[in-house]
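Notes follow once the structure below has been shown.
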Amino acid sequence: MALIAPPAQPAIEFRDVSRRFVLHHERRASFQDWFVGLIRPRGAAEEFWALRDVSFTVRRGETFGLVGRNGAGKSTMLKLVTRILEPSSGVIKVNGRTYAMLELGAGFHPELSGRDNVFLNGSLYGFSRKEMARRFEQIVQFAELERFIDTPVKHYSSGMYARLGFGIAVHMDPEILVIDEVLAVGDQTFQQKCYRALDDLKARGTTILFVSHDANAVRSFCDRAALLSGGQLIDVGPAEDIVDHYQRLLHETEPRVSLLRVRPVDPLGNPTDEVISGDDLRLEVLLRAPNGTGTAGLGLQIDLVDESGTHLFSAGGELPADLPFAQQAIQRAGDEPDTRVARLCISAFPLAATTVRLIATLTNLGGDDRDVVDRSESQITVAPANDQSRGLLRLNYEWSWQAPDSADVVDLTVKRLGR
Amino acid sequence: MSRRHGPPPTGSRNVVSQAAEIFRYRSLIGNLVAKDLKVRYKSSVLGFFWSLLNPLLMMLVFTFVFTQLLGETIPHFPVFVLIGLLSWNWTSTSIGMGTTSLIDNASLINKVYFPRILLPISVVASNMANYVLALPVIFAAMLVARMEFTPWILYLPVIIFVQMTFLVGAVLILSAIHIYFRDTTVLVEVGLTAWFFMTPIFYRVEDVAPDYVSLMYRLNPMASIIAELHTILYYGGVPDPFFMARTFATALAMVVIGYVLFNRVSKHLGERL
């Protein structure tokens, strides 16, 4: 009879795990509020699912990355793994002694010395004094704090703090190590040291659950990864593939702001077809920013081009984070409620009677490449001003039929002398 | 170590496995107590003597007010009042600090998992250490007053144990309530002041309100505890074992209530802080 090896127990297993948070808009957290609440009923509570039906397994000895945008549920997931939070539903199994580094030096007391903090921190994870004493020398050596170990940690630099925190973590011989973004601190040498220590742990079969915004770190350090988006697990697989997927997702879900139209308006803001040469030209640009996307980081440019294609004029501007919404009147005319409006006024429009192409361009200012997000075009017909001028341009002019005023000349002379 | 959480199929994680977990984390209580004492005394011996100053000054104030101004005739009044004051200090500081112990450690609770119940318990423990360290002052005062030491002094650990049990129950209940009602602290503060005067620390209930003697001992465990301390230390008399047994039963009931309440609340601790 063949010996069948028992299937290796996974290190971490999530089965249909959901976690809900209840957001109270009017939070009642005191007796006072409670009494008030008896008279005036509490505002409706809103539910928020930080994680929804998440299932995955992390195998023993594997280095597993978690990627996703802010608010995707990564931190909630780590808190569930480490038992800081309990799931609202579903089953979580964690098989092995777990050490979580959700923050370097979490649980350090500033008044205590580095030495006392090592022991206190150890006991926070259920390690006895004896077990910590055995590791103490190695921790201090790793942290390079031999001289300062009896100094209260409140006097430590952030680097010393981080070294001690990390030193404790890697010397606890965890079977499962949970790391959240903590490698971002510290200098290059320290980071390299940390990665070497983590590689050692990997070689010894430690399961590592790793969260980082640094796509390259996940790519090079993790075996497999999971992609979270909006509280749901949308992909699990080899780290390379997941990071690629994550980067595609980042681009896809970039907020899409689009241009609806650009048109001339009269001084009251009503759309108009008639633009008179020499008057102020008021233009209105309508943008659509769906689902409350902001307009920060976007540039708007207006170009005027004549019939022959000659570039007449260009005005660029950076949009503020919160462009105002279009007025009620405009919205009633059939525009979506998420329409925002930008206005441009060119005073004393200097073109004589002609037809001009009006081009509005929305660009992305972020990053190196200024890519065009959207473009909208329309035509305006400029009506001649009611005067005697002719030609391409309508320039401000004034005839003077008198000889120069002698007083002006005197005035000028006085001014020059005054200097 | 395998664990399973979420809505469990049968009941909640049982008391035995929780007790085992607390036992595994026993070094944490020691370290939390050590941390507390070190921070409080700033790691110096002098710091500890400073902490004795408060009850000694209180003793002087009470002695002056009651014997000189109010004509109190209890003999060896300073010793009498010191016995009650030190015991009361343990209670009032434990309850004051214990009530807020979870909120005070919110950042820790959000970063590291450990049995949260150890936070309020360690408050009681560190104040107990403080109390025990201050006991020699009582003995010194008794020596100065040439009072008699009887073997019944050995009964002291029993009384301390009862008080500890009572305080653990009290802080479990109050810290759980404090999560939901942050103004619990205000009520606790007023409550402690009222409780102080309703406890026979600087008077003998038998002298002041003979009609209320049994009622007070029934309703106020601190009255029983301090009365018993007076019996064995101040009077050098024989303690009544049933008296402490009744108080212990009350204390135990509070621990049970506190434990159940705390467990229900601690599930939601992560989002409530």
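Each value in this text was obtained by applying a stated rule to the coordinates, not by laboratory testing. All values reported here derive from a predicted model rather than from experimental measurement. Here Cβ is always computed from backbone atoms with ideal geometry, including for glycine, and neighbour counts include all displayed protein chains.
Give me the base-10 log of I(q)/I(0) for region A:231-286 at each q in 0.27 Å⁻¹, Debye formula, one uniform scatterer per Cα, rounded to two decimals. The computed values of log10 I(q)/I(0) come out as -1.06. In loop segments of region A:176-244 as defined by DSSP, the trypsin sites (Lys or Arg not before Pro) with at most 14 further C-beta atoms inside 10 Å of their C-beta are A:Arg204.
You can think of it this way: the chain between A:Asn270 and A:Leu23 has 84.7 nm of extra reach, that is 0.36 nm per residue less the Cα-Cα gap. In a reduced charge model with +1 at each Lys and Arg Cβ and -1 at each Asp and Glu Cβ, the protein assembly as shown shows a dipole moment near 2700 debye about its Cα centre.
Residue order for B:Trp152, B:Trp88, fewest other beta carbons within 10 angstrom first, comes to B:Trp152, B:Trp88. Within straight-line reach of A:Lys193, meaning a Cα separation under 19 Å, sit the following aspartates and glutamates at least 8 residues removed in sequence or on another chain: A:Glu103, A:Glu137, A:Glu144, A:Glu146, A:Asp173, A:Asp180, A:Glu181, A:Asp214.
Residues of region B:188-207 with backbone nitrogen within less than 18 Å of a virtual label 7 Å along the Cα-to-Cβ line of A:Gln32, please, listed as ranges. It comes to B:188-191, nothing else. The helix-only estimate of mean residue ellipticity at 222 nm for the protein assembly as shown, built from DSSP H runs of length n ≥ 4 each weighted as -39500 (n - 2.57), is -14000 deg cm²/dmol after division by the residue total. The fewest-to-most ranking of B:Asp36, A:Asp241 by surrounding Cβ atoms within 10 Å reads A:Asp241, B:Asp36.
Averaged over the residues of peptide B:105-112, the number of Cβ atoms from other protein chains lying within 10 Å of each residue's Cβ is 5. For region A:54-98 and region B:156-205, what is the centre-to-centre distance using only Cα atoms, to the nearest Å? One Cα centre to the other: 40 Å. Give me the net charge for the shell around A:Phe221: Cβ to Cβ below 11 angstrom, other residues only, Lys and Arg +1, Asp and Glu -1. The answer is -1.
Taking the empirical scaling 2.2 N^0.38 Å for compact globular proteins as reference, region B:128-231 has a Cα radius of gyration ratio of 1.26. Loop-located GluC sites (Glu not before Pro) across region A:202-309 with a Cβ neighbour count of 12 or fewer within 10 Å are A:Glu307, with loop assigned by DSSP.
On the beta carbon distance between A:Asp235 and A:Ser400, with R0 = 56 Å, the FRET formula returns roughly 0.15.
Which pairs in the list A:Lys74/A:Lys202; A:Lys93/B:Lys35; A:Lys93/A:Lys154 are over 26 Å apart, alpha-carbon to alpha-carbon?
Cα-Cα > 26 Å for A:Lys93/B:Lys35; A:Lys93/A:Lys154; rest within.
Relative to the globular-protein estimate of 2.2 N^0.38 Å, the Cα radius of gyration of region B:80-199 stands at 1.22. Partner aspartates and glutamates whose Cα lies under 14 Å from the Cα of B:Lys42, excluding those fewer than 8 positions away in the same chain, are identified as A:Glu111, A:Asp116, A:Asp150.
Across region A:62-79, coupling constants 3J(HN,Hα) worked out from phi with the 6.51/-1.76/1.60 Karplus curve, θ = phi - 60°, read 8, 9, 10, x, 10, 10, x, 5, 4, x, 6, x, 5, 5, 4, 4, 5, 5 Hz, and Gly and Pro carry x.
Where Lys and Arg each count +1 and Asp and Glu each count -1, what net charge lies around A:Lys193 among other residues with Cβ under 14 Å from its Cβ? After counting each charged neighbour, the total is -2. For region B:15-272, what is the Kirkwood hydrodynamic radius in Å, using each pair of distinct C-alpha atoms? With all distinct Cα pairs of region B:15-272 included, I get 19.4 Å. Calculate I(q)/I(0) for the protein assembly as shown by the Debye formula, one identical point scatterer on each C-alpha and no solvent, and give its log10 at q = 0.09, 0.11 Å⁻¹ to two decimals. Debye output, listed in q order: -0.95, -1.18. Highest mean first, the peptides B:96-103, B:54-61, A:137-144 sorted by other C-beta atoms within 10 Å per residue fall in the order B:96-103, A:137-144, B:54-61. Counting every other Cβ atom within 10 Å of each residue's Cβ, A:Leu304, A:Leu281 order from fewest to most as A:Leu304, A:Leu281.
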